[in-house]
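Down below is the structure, laid out as structure tokens.
The values are calculated or read from the model by the stated rules, or taken from the named source; none is laboratory data. Here the structure is a predicted model, which means the values were calculated and not measured. Note that each Cβ is placed from the backbone with ideal geometry, even for glycine, and that neighbours are counted across all protein chains shown. Calculation scope for accessible area: heavy atoms of the full protein, side chains included, ligands and nucleic acids excluded. Shrake-Rupley method; radii C 1.70, N 1.55, O 1.52, S 1.80 Å.
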Amino acid sequence: MEDAVSQLLENREDISQYGIARFFTEYFNSVRQGTHILFREFSFIQATPHNRASFLRTFWRCFRAVGKNGDLLTVKEYHCLLQLLCPDFPMDLTQKAARIVLMDDAMDCLMSFSDFLFAFQIQFYYSEFLESVAAIYQDLLTGKNPNTVIVPTSSSGQHRSRQAPSECSPLDGVEASLFYQCLESLCDRSKYSCPPSALVKEVLSSVQRLTFYGFLMALTKHHGINRALGALPDKGDLLLDSSMDQELEKLLSQVSGLSISTPASSSGDIANIPTRNSPRISSPWKPLHHRQKVDTESDGSTDETDSSEN
């Protein structure tokens, strides 16, 4: 509601043309449909769980053609796609998601769309939870008491009790049962979004030891966690989106209707193609700033030059 009022005040001159009631109707319809996050700042798209889920769903629907075509992209290329929807999306969050997929591989390796998308979902939606998990994991590796390692803070480190240094190699990871005890307490006390503790237990009960990125990969591949989050379909249905396909078919039919023309006659005349004026749709959220129209008379161009190019 705060954002709706802010948008109303910021765009009151445009909104006055069609009324406040219509603005609020369109705004909350966009919230319900999940399109309210388009082209918004990063602080807005991560502000609520609904906004995060909406961004994930929009990213999937906009770029699933990448997966359909079987294209493999680098982390920088995926970050460019994210910036098309959120111009100030941070690179470090994209890199963290890529690290889940690439593990020990170089960060410039290629990734499939589905691998990156499910890793990005976990990293983006549960980002605060994963920060706490990383701190807990590091404490367990160094032998700190798991009962005092819940949510890391700047002042709590000096008060934590310590155990003898772990004799296991960091490559072996930590004991899964001990790790779960810490995460269960974290899920109970955290004010941020966390995966369901029952599903976390299911992930950790299948192994004796695991690494931090092994845990993240297990979360990424778990169908139950994906369904509990509710933003993306199952991996088998990832490339299917019937409603979007119907919209594309409608658009293509309109475009094909515009492109119909008769063959050129012997005199070289070509039938005129009818033109349609696309209706302008008022946006209930902050509009993008349009670039100023380029002066057609700059660089010495003339009206004759412009007309000859049409």
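Atom-type composition of the exposed protein surface of the range 1-106 places 55 percent of the accessible area on carbon and sulfur (1.4 angstrom probe).
Using only side-chain charges placed at the Cβ, +1 for Lys and Arg and -1 for Asp and Glu, the dipole size of the range 1-62 relative to its Cα centre rounds to 380 debye. Treating r as the C-beta distance of Ser243 and Leu178 and R0 as 35 Å, the FRET efficiency rounds to 0.15. One compactness figure for the range 1-127 is 1.22, namely its Cα radius of gyration divided by 2.2 N^0.38 Å. Its relative contact order, with pairs defined as Cα atoms under 8 Å and 6+ residues apart, puts the range 30-111 at 32 percent.
With only Cα atoms counted, the range 1-70 has Rg and Dmax values of 14.5, 47 Å.
Applying 1/(1 + (r/R0)^6) with R0 = 25 Å to the Cβ-Cβ distance of Leu110 and Arg61 gives a FRET efficiency near 0.65.
Placing +1 on the Cβ of every Lys and Arg and -1 on the Cβ of every Asp and Glu, with no other charges, gives the range 43-145 a dipole of roughly 420 debye about its Cα centre.
Using the average count of surrounding beta-carbon atoms within 10 Å as a protection proxy, the listed peptides 43-55, 104-116, 9-21 rank, highest first, as 43-55, 104-116, 9-21.
The phi-based Karplus calculation (6.51 cos²θ - 1.76 cosθ + 1.60; θ = phi - 60°) puts the 3J(HN,Hα) values of the range 195-201 at x, x, 4, 5, 6, 4, 4 Hz, whole numbers, x for Gly and Pro.
Find the accessible area per residue for the range 22-98; the probe is 1.4 Å, ligands and nucleic acids are left out, and the unit is Å². I get 45 Å² per residue for the range 22-98.
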